[in-house]
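J.: What follows is a single structure, and I will ask about it in a moment.
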Amino acid sequence: MRKIDINCDMGESFGVYTLGMDGEVIQYISSANIACGYHAGDPQVMNKTVRMARENGVRVGAHPGFPDLAGFGRRNMDCTPDEVRDFVIYQIGALKGFCTLHGVEMQHVKPHGNLYNMSVGNESLSRAIAEAIAAVDRNLIWVVLGGAQSSLVRKIASEKGIRVAFEAFPDRTYESDGTLTSRKKPGAVIEDPLKSTEQALRMALDNEITAADGTRLTMEIHTLCLHGDNPSAVHHTRSIRQALEAEGVSITPLADQV
């Protein structure tokens, strides 16, 4: 049986500001990437989101980003690899405290926004992230963008003694090199649930993505990411999960795959 994980970025509210539809989306996913206070989230939101994940049987992962609340972590920052390593260690540790509080085992680490994007194909940043994960807990799974960088990431993960899972995005468009289309470009985020569901099925069943220019890309995929701040988030996640299960795909957390 084909297995796939469905993950979603969560816990990105801050203080009196609410972002995303976490309470509605969580019933359709198997893994939650929880913001750790740098790009979004705060201690109260982190606590609430870990508790909600536990109550819904959803696995928990840290979602560390650049220290960029104003830009939601979606701006490039000129940071050294050592700084990046320490940023990631700090944020994993923060979420790990709430996991301990609620008796939850952390499953994975998935960088956020431009920390994620800048590390694609960048050996020094990728090594910094892997070193941070290994320093905290070698049982944690490193979630990265699937595609051309997979051989580099596998090499780094093997050297650091950690597991890696490859991710694809049903609600985003891709460039021909396998990178995500910049959010600055029109149409980078797919808002039509039918289109995101069609793409999710190709990803899960065929390990295939069609780029914006028509290029067909084949890659290993363990998890599909949906964005909780997408205006159609609930429709996307519900439609995708139902379609996958109708095709006999088992929605399975990463820890049971890699």
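J.: Against the condition in contact (Cβ under 8 Å) with a residue 24 or more places away in the chain and surrounded by fewer than 24 Cβ atoms within 10 Å (Cβ to Cβ), how does ILE26 come out, does it pass?
T.: Numbers: in contact (Cβ under 8 Å) with a residue 24 or more places away in the chain: yes; surrounded by fewer than 24 Cβ atoms within 10 Å (Cβ to Cβ): yes.
Spelling it out, ILE26 is indeed in contact (Cβ under 8 Å) with a residue 24 or more places away in the chain and surrounded by fewer than 24 Cβ atoms within 10 Å (Cβ to Cβ).
J.: Also, I was wondering about something else. Of the residues ASP9, ASP5, which single one is of a type in the set (D, E, K, R), closer than 19 Å to GLY73 by Cβ and part of a strand (DSSP E or B)? Show your work before the answer.
T.: Working: ASP5 fails: closer than 19 Å to GLY73 by Cβ.
It is ASP9.
J.: While we're here: Name the residues in region 9-21 that are modelled with pLDDT under 95 and surrounded by 20 or more Cβ atoms within 10 Å (Cβ to Cβ), would you?
T.: GLY20, the sole residue that qualifies.
J.: Run down ALA204, ALA165 and say which single residue is assigned to a helix (DSSP H, G or I) and buried (at least 20 other Cβ atoms within 10 Å of the Cβ).
T.: Details: ALA165 fails: assigned to a helix (DSSP H, G or I).
None of the others qualify; the one that does is ALA204.
J.: Out of VAL16, VAL60, VAL84, VAL88, which single residue is out of contact with any strand residue (DSSP E or B) (no Cβ under 8 Å at 6 or more places or on another chain) and closer than 25 Å to SER126 by Cα? Before you say what the answer is, go through the steps one by one.
T.: Working: VAL16 fails: closer than 25 Å to SER126 by Cα; VAL60 fails: out of contact with any strand residue (DSSP E or B) (no Cβ under 8 Å at 6 or more places or on another chain); VAL88 fails: out of contact with any strand residue (DSSP E or B) (no Cβ under 8 Å at 6 or more places or on another chain).
Result: VAL84 is the single residue among VAL16, VAL60, VAL84, VAL88 that is out of contact with any strand residue (DSSP E or B) (no Cβ under 8 Å at 6 or more places or on another chain) and closer than 25 Å to SER126 by Cα.
J.: So, ILE133, is that one modelled with pLDDT of 95 or more and in contact with a Phe, Trp or Tyr (Cβ under 8 Å, 6 or more places away or on another chain) or not? If you could, list the steps in order and put the result at the bottom.
T.: Values: modelled with pLDDT of 95 or more: yes; in contact with a Phe, Trp or Tyr (Cβ under 8 Å, 6 or more places away or on another chain): yes.
When the stated conditions are applied, ILE133 passes them.
J.: Whether any residue in region 52-65 is touching a Phe, Trp or Tyr at 6+ places or on another chain (Cβ under 6 Å) and modelled with pLDDT of 95 or more is what I want to check. Quick ask: steps written out before the conclusion?
T.: Residues of region 52-65 touching a Phe, Trp or Tyr at 6+ places or on another chain (Cβ under 6 Å): 65.
Filter again for modelled with pLDDT of 95 or more, leaving 65.
Yes.
J.: Can you tell me which residue is farthest from PRO64 (Cα to Cα) among those in region 131-152 that are out of contact with any Gly (no Cβ under 9 Å at 6 or more places or on another chain) and of a type in the set (A, V, I, L, M, F, W, C)? Break it down into steps so the answer makes sense when it comes.
T.: Filtering region 131-152 for residues out of contact with any Gly (no Cβ under 9 Å at 6 or more places or on another chain) gives 131-133, 135, 137, 139, 142, 144, 150-151.
Checking which are of a type in the set (A, V, I, L, M, F, W, C) leaves us with 132-133, 135, 142, 144.
Values: ALA132: 11, ILE133: 11, ALA135: 15, TRP142: 12, VAL144: 13 Å.
Of everything passing the filter in region 131-152, ALA135 is farthest from PRO64 (Cα to Cα).
J.: Taking the options LYS184, LYS195, name whichever one is free of Cβ contacts under 8 Å to residues at least 40 places away in the same chain, more than 17 Å from VAL144 (Cβ to Cβ), among the basic types (Lys, Arg) and assigned to a loop (DSSP other than H, G, I, E, B). Break it down stepwise before answering.
T.: Details: LYS195 fails: assigned to a loop (DSSP other than H, G, I, E, B).
So the residue among LYS184, LYS195 that is free of Cβ contacts under 8 Å to residues at least 40 places away in the same chain, more than 17 Å from VAL144 (Cβ to Cβ), among the basic types (Lys, Arg) and assigned to a loop (DSSP other than H, G, I, E, B) is LYS184.
J.: Filtering region 220-257 down to residues that are part of a loop (DSSP other than H, G, I, E, B) and surrounded by 18 or more Cβ atoms within 10 Å (Cβ to Cβ), which residue is farthest from the chain's Cα centre (by Cα)? Talk me through it step by step, then tell me what you get.
T.: Narrowing region 220-257 to residues part of a loop (DSSP other than H, G, I, E, B): 220-222, 228-232, 247-249, 252-253, 257.
Those still in the list that are surrounded by 18 or more Cβ atoms within 10 Å (Cβ to Cβ) too: 221-222, 228, 230, 232, 249, 252-253.
Working: ILE221: 12, HIS222: 11, GLY228: 11, ASN230: 14, SER232: 18, VAL249: 20, THR252: 15, PRO253: 13 Å.
Of everything passing the filter in region 220-257, VAL249 is farthest from the chain's Cα centre (by Cα).
J.: Could I ask something else about it? So HIS39 clears everything in (1) closer than 30 Å to GLN242 by Cα; (2) in contact (Cβ under 8 Å) with a residue 60 or more places away in the chain; (3) assigned to a loop (DSSP other than H, G, I, E, B) except one condition, right? Which one?
T.: Status for HIS39: all satisfied but (1).
J.: In the list GLY214, GLY161, which residue meets the criterion of being touching a residue at least 24 places away in the same chain (Cβ under 8 Å) and not β-branched (Val, Ile, Thr)? Steps first, answer last, please.
T.: On the way: GLY214 fails: touching a residue at least 24 places away in the same chain (Cβ under 8 Å).
On inspection, the qualifying residue turns out to be GLY161.
The values are calculated or read from the model by the stated rules, or taken from the named source; none is laboratory data. A quick note: this is a predicted structure, and the numbers were derived from the prediction, not measured. Here Cβ is always computed from backbone atoms with ideal geometry, including for glycine, and neighbour counts include all displayed protein chains.
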